[in-house]
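Read the structure below first, then the notes.
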Amino acid sequence: MPDMPRPLPPAILFDLDDTILSFATLADAAWKHVVDSYVSQLPGVTADALLPVVLERRDWYWSDPERHRRGRLGIDDAYGEIVRQAFGIIGVAAPEVAGRMAEEYGVVRGKGIRPFPGAVDTLTALGDRGVKLALVTNGDRKTQRGKIDDHDLERFFDCIVVEGEFGIGKPNDEVYVYAMETLGVRPNETWMVGDNFEWEVVAPKRLGLTAIWVDSRAEGLPASPSVMPDRIIRSITELI
Ligand SMILES: [Mg+2]
């Protein structure tokens, strides 16, 4: 007997990075590439010494919600600060090299971003089945619109909310409410699908949406979650 199609809601709000596009998984490789390319310009420094410090500062940088917000709305400055901090820790003063490394990282990073296997087919299938779709993504306008354009994603969505255009981002209630109002749906008709536990599970559940958590990095649930997702998937292909 063929599989029955899975039940779907009237509307789905999708996150972009690490939900539709492979994003975080590429970061370590891009930093390694940049460190390997520039370390010869830093006397007395080896890639083995520099790379772990860069990755540690990267994790530190993005760990604080307010710094994360500032960083994603000014991403080039964020990369620059990560490199300068790493240089400070290993005792290197080379601001020009730091600036070029940050710039190169942004370029390499952007080139590596791709839709996850099956993600575009999934969006197509959801549209074909009449599900209204919104894209709700945090980050600055240029970066997020660039990714949407590069991968021809706008055609799938009746509503696109980019933090840098809208003025506020997830997890502010207004973001989800605006997307649902634009689609003409209520919270109990809407799924939020994404990888960020605060933005795509905790906040949407508070508003009465169904939260589908995408564990794209196979990290498992956070310790003592304040709320449970309604469903956990590894890939959005599991929705259909
Ligand atoms: Mg995400």
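The values are calculated or read from the model by the stated rules, or taken from the named source; none is laboratory data. Worth saying up front: this structure is predicted, and the values here are computed from it rather than measured. So basically every Cβ, Gly included, is an ideal-geometry build from the backbone, and we count neighbours across all protein chains shown. Only protein heavy atoms, including side chains, enter the accessible area calculation; ligands, DNA and RNA are left aside. Shrake-Rupley method; radii C 1.70, N 1.55, O 1.52, S 1.80 Å.
Are any of the residues in the range 35-46 among the charged types (D, E, K, R) and within 16 Å of the ligand (Cβ to nearest atom)? Show your work before the answer.
Keep residues of the range 35-46 that are among the charged types (D, E, K, R), which gives 36.
Retained after the next criterion (residues that are within 16 Å of the ligand (Cβ to nearest atom)): none.
The answer is no, given that none of the residues of the range 35-46 is among the charged types (D, E, K, R) and within 16 Å of the ligand (Cβ to nearest atom).
Among the residues of the range 12-48, those that are in contact (Cβ under 8 Å) with a residue 60 or more places away in the chain and more than 30 Å from LEU209 (Cα to Cα) comprise LEU26, ALA27, ALA29, ALA30, TRP31, HIS33, VAL34, VAL35, SER37, TYR38.
Within the range 199-215, the only residue that satisfies the criterion of being within 16 Å of the ligand (Cβ to nearest atom), over 14 Å from the mean Cα position of the chain (by Cα) and surrounded by fewer than 21 Cβ atoms within 10 Å (Cβ to Cβ) is VAL202.
Looking at the structure I just gave you, is ALA24 open to solvent by 20 Å² or more (accessible area, probe 1.4 Å), within 13 Å of the ligand (Cβ to nearest atom) and of a type outside the set (Val, Ile, Thr)?
Values: open to solvent by 20 Å² or more (accessible area, probe 1.4 Å): yes; within 13 Å of the ligand (Cβ to nearest atom): yes; of a type outside the set (Val, Ile, Thr): yes.
Yes; evaluated as a whole, the condition is true for this residue.
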